[in-house]
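Notes for the one structure printed next.
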Amino acid sequence: MHNITFANPELLLLLILVPAISVWYWYRLKSKESDLRYSSLLPFSSVGLTNRERLRHLPFVLRMTALSLVIIALARPQSTSKGENVYSEGIDIVLALDISGSMLAEDFQPNRIEAAKNVAMDFISGRTNDRIGLVIFSGESFTQCPLTVDYNVLKSLIKPLKSGMIEDGTALGLGLANAVNRLKDSKSKSKVIILLTDGVNNRGEIDPITAAQIAQSYGIRVYTVGVGTIGDAPYPMQTPFGTRYQMVPVDVDEKTLRDIAGMTGGKYFRATDNRKLKSIYQEIDQLEKTRIEVRSYRRYSELYYSLIFVSVFLLIGEIGLSNTFLRKLP
């Protein structure tokens, strides 16, 4: 966007000299005129104005125009352009999702694993400029999707997730270590893991606290989410007579999850239903906002050079005409 401004706008008041000098010039000409009386003007009817007479005021006009341009030039007209540069600093996030058999419990609707998938996809849809990856774990762990900004691909890999894809169990430490491995070489200034589980570490070669120490050494924050109602939860059991439900105790290792979050600078959350789980992801979304910096700039271009050039050209023309074609007789 371009605008014209003046560095010294107060000097524009000097333009009042132009009409003042013009009035003085007019009165000066009137005072020099002489009157001659004739009985008849017929002898002069065929006499017209010469070119010199028609142009006799041109030097004065050129001089006043030059003066006006000099005054405007002294006020320093400038062309200004302004705009904004936007810089964004994305965050690298890995979702570590428990898909063990206990995630089929139906204290969430329709069950824990489906509820976790739904809120994860909503979380992904609300992010911009961030690379997000997905690690799943049960008795083992593997990377379902490396860090990516292609959110549609990531969500398409979340939808088919189900319990039983890998050996059952809860390898919490292994899942966390795998997520750390996805982030350890990241150059992002902010690296985050969201670890969701409903159980206690009972499989894998890596202890959860050891995995948390590794995350801490790489500057990775871990937000831990324990899912499961308080008390017992209905769990579907397959029998020869169809699906039967059995109430099973909810056993979330909250102490370990708190320790992991505390060691890495994250936060522990407990989700007891769908609404609470959704609000947890919304809170994490607010805590881990992409940094956006807007820098405004303004550029100035001086315009008085051309005005000075034109005014000098006009003065040369005025002097030339006054001393040649329009020279006054002594």
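The values are calculated or read from the model by the stated rules, or taken from the named source; none is laboratory data. Here the structure is a predicted model, which is why all the values come from computation and not from measurement. Counting neighbours? That spans all protein chains shown, and the Cβs are built from the backbone with ideal geometry, glycine included.
Across the stretch 217-231, which residue is surrounded by the most Cβ atoms within 10 Å (Cβ to Cβ) among those that are more than 30 Å from the chain's Cα centre (by Cα) and closer than 15 Å to Leu195 by Cα? Give the steps one after another, and end with the answer.
Here is the first cut: in the stretch 217-231, the ones more than 30 Å from the chain's Cα centre (by Cα) are 217, 225-231.
Those left that are additionally closer than 15 Å to Leu195 by Cα: 225-228.
On the way: Val225: 27, Gly226: 23, Val227: 29, Gly228: 25.
This residue is Val227.
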Residue check for Arg275: closer than 24 Å to Met121 by Cα, assigned by TED's automatic domain parsing to the domain that holds Glu167 and surrounded by fewer than 14 Cβ atoms within 10 Å (Cβ to Cβ): yes
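Yes/no per residue for (1) of a type outside the set (Phe, Trp, Tyr); (2) modelled with pLDDT of 90 or more; (3) in the same structural domain as Asp130 (by TED's automatic domain parsing); (4) in a loop (DSSP other than H, G, I, E, B):
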{"site": "Pro43", "(1), (2), (3), (4)": "yes, no, no, no"}
{"site": "Glu53", "(1), (2), (3), (4)": "yes, no, no, no"}
{"site": "Arg56", "(1), (2), (3), (4)": "yes, no, no, yes"}
{"site": "Pro59", "(1), (2), (3), (4)": "yes, no, no, no"}
{"site": "Ser68", "(1), (2), (3), (4)": "yes, yes, no, no"}
{"site": "Gln78", "(1), (2), (3), (4)": "yes, no, no, no"}
{"site": "Gln109", "(1), (2), (3), (4)": "yes, yes, yes, yes"}
{"site": "Ile113", "(1), (2), (3), (4)": "yes, yes, yes, no"}
In the stretch 149-172, is there at least one residue being closer than 25 Å to Glu288 by Cβ, modelled with pLDDT of 95 or more and touching a Cys at 6+ places or on another chain (Cβ under 6 Å)? yes
Hey, among the residues in the stretch 197-209 that are under 29 Å from Gly90 (Cβ atoms) and out of contact with any Phe, Trp or Tyr (no Cβ under 9 Å at 6 or more places or on another chain), which one's surrounded by the most Cβ atoms within 10 Å (Cβ to Cβ)? Pro208
Look through Asp92, Asp130, Asp122 and report the one residue that is farther than 17 Å from Ser163 by Cα, touching a residue at least 40 places away in the same chain (Cβ under 8 Å), acidic (Asp, Glu) and surrounded by fewer than 17 Cβ atoms within 10 Å (Cβ to Cβ). Asp122
